[in-house]
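Enquirer: Please find one structure pasted underneath; my questions will follow.
The values are calculated or read from the model by the stated rules, or taken from the named source; none is laboratory data. Here the structure is a predicted model, which is why all the values come from computation and not from measurement. FYI the Cβ positions are ideal-geometry reconstructions off the backbone, even for glycines, and counts take in every protein chain you see. Each accessible area value is taken on the protein alone, full model and side chains, heavy atoms only, with ligands, DNA and RNA left out. Shrake-Rupley method; radii C 1.70, N 1.55, O 1.52, S 1.80 Å.
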Amino acid sequence: MRETNGSAGEAMPMVRFDHVTKAYGSLTVLNALNLDVAHGEKVAIIGPSGSGKTTVLRMLMTLERINDGVIYVEGEPLTHMERGGKLVPANQRHLRRLRGKIGMVFQHFNLFPHMNALKNCVEAPVTVLKMPRREAEERATELLEMVGLGDKLGHYPSQLSGGQQQRVAIARALAMRPKIMLFDEVTSALDPELVGEVLNVIRKLGAEHDLTMLMVTHQMGFAKEFADRVCFFYAGKIAEEGPPEEIFANPKNERTQQFLSAVLEAT
Ligand SMILES: Nc1ncnc2c1ncn2[C@@H]1O[C@H](COP(=O)(O)OP(=O)(O)OP(=O)(O)O)[C@@H](O)[C@H]1O
Ligand SMILES: [Mg+2]
């Protein structure tokens, strides 16, 4: 296991995957993955289908258990707790507390269909964070204004376009005051003309230096402009990583080269 406390003055990463392995039956999806993400860092995750990109985000959201290794959030083990100097599996309370630092937006907008935009953003802060409803509504209104939907508070998901629904989903995740935001191909189910409005919201969030962001994307242009670092996944590991200008202009790994030329050919 790697040193988690670092030497004096060295900041703990916001997120650390330490030799994380996840398998489904005989299929190893994450293979002793190591990944550190610094506080406020914006990381783009790219790679072929099935390489484990979504799995990384799902493991961080504790949607499923990992088989081996440890994930740390702000230096605390996510799926484990320290008890008497030993790591034991985390209990529900510990999981809830650490999960509360993380917000996720999925490819398919999974809003509550029976709640309007405002209510979608108010329910979790009220029920989970025990925020007074009035305050939750004020904050949700601000967030919906921030994503350009100040005039759609009363609209139900079925009355919103895909891009608008995705922006509500972003506001809803932000309403929980996460320190880390995860985006999984949030524009790939959208009609091309709606992609820009969602990317603009993500751009705006990117300017918030405190927010750590991990984004799985097929939009190489956006990754290039937005990310501090690009990680190319292949077979459950990071095959190559670096600043976008290096990865896109001068990929060193043969797999990265093949992937990028295939993607660029397709667009
Ligand atoms: N619940 C599951 N049960 C069995 N296999 C799974 C499960 N979830 C994912 N897998 C498998 O794990 C592998 C990695 O899946 P993952 O969703 O992380 O890929 P991805 O890189 O996000 O791909 P894509 O670009 O297509 O979204 C795939 O082979 C997938 O079939
Ligand atoms: Mg995926």
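Enquirer: Can you list residue pairs whose Cβ atoms sit under 9 Å apart, with the first residue in segment 96-119 being closer than 21 Å to M61 by Cβ and open to solvent by 80 Å² or more (accessible area, probe 1.4 Å) and the second being assigned to a loop (DSSP other than H, G, I, E, B) and hydrophobic (A, V, I, L, M, F, W, C)? Count only pairs 6 or more apart in sequence or on different chains.
Expert: If the second residue must be assigned to a loop (DSSP other than H, G, I, E, B) and hydrophobic (A, V, I, L, M, F, W, C), the pairs left are R96/V128; H108/A189.
Enquirer: Let me ask something additional. Restrict the check to segment 126-134 and report whether at least one residue is β-branched (V, I, T) and free of Cβ contacts under 8 Å to residues at least 24 places away in the same chain.
Expert: Yes.
Enquirer: While we're on this one: I'd like the full set of residues that are of a type in the set (S, T, N, Q), more than 18 Å from M215 (Cβ to Cβ) and in contact with a Phe, Trp or Tyr (Cβ under 9 Å, 6 or more places away or on another chain), limited to segment 241-267.
Expert: If the condition is that a residue be of a type in the set (S, T, N, Q), more than 18 Å from M215 (Cβ to Cβ) and in contact with a Phe, Trp or Tyr (Cβ under 9 Å, 6 or more places away or on another chain), then N253 is the only one that fits.
Enquirer: Which of the residues spanning segment 191-209 are modelled with pLDDT of 90 or more and either among the charged types (D, E, K, R) or within 16 Å of ligand 1 (Cβ to nearest atom) (or both)?
Expert: Within segment 191-209, E197, R203, K204 meet the criteria.
Enquirer: For segment 12-69, enumerate the residues that are in a loop (DSSP other than H, G, I, E, B), of a type in the set (D, E, K, R) and either in contact with a Pro (Cβ under 7 Å, 6 or more places away or on another chain) or within 16 Å of ligand 2 (Cβ to nearest atom) (or both).
Expert: Residue satisfying the conditions is E64 alone.
Enquirer: Can you name the condition, by its number, that V186 falls short on among (1) at pLDDT 95 or above; (2) within 16 Å of ligand 1 (Cβ to nearest atom); (3) of a type outside the set (G, A, S); (4) over 23 Å from I66 (Cβ atoms)?
Expert: Answer for V186: the failing condition is (1).
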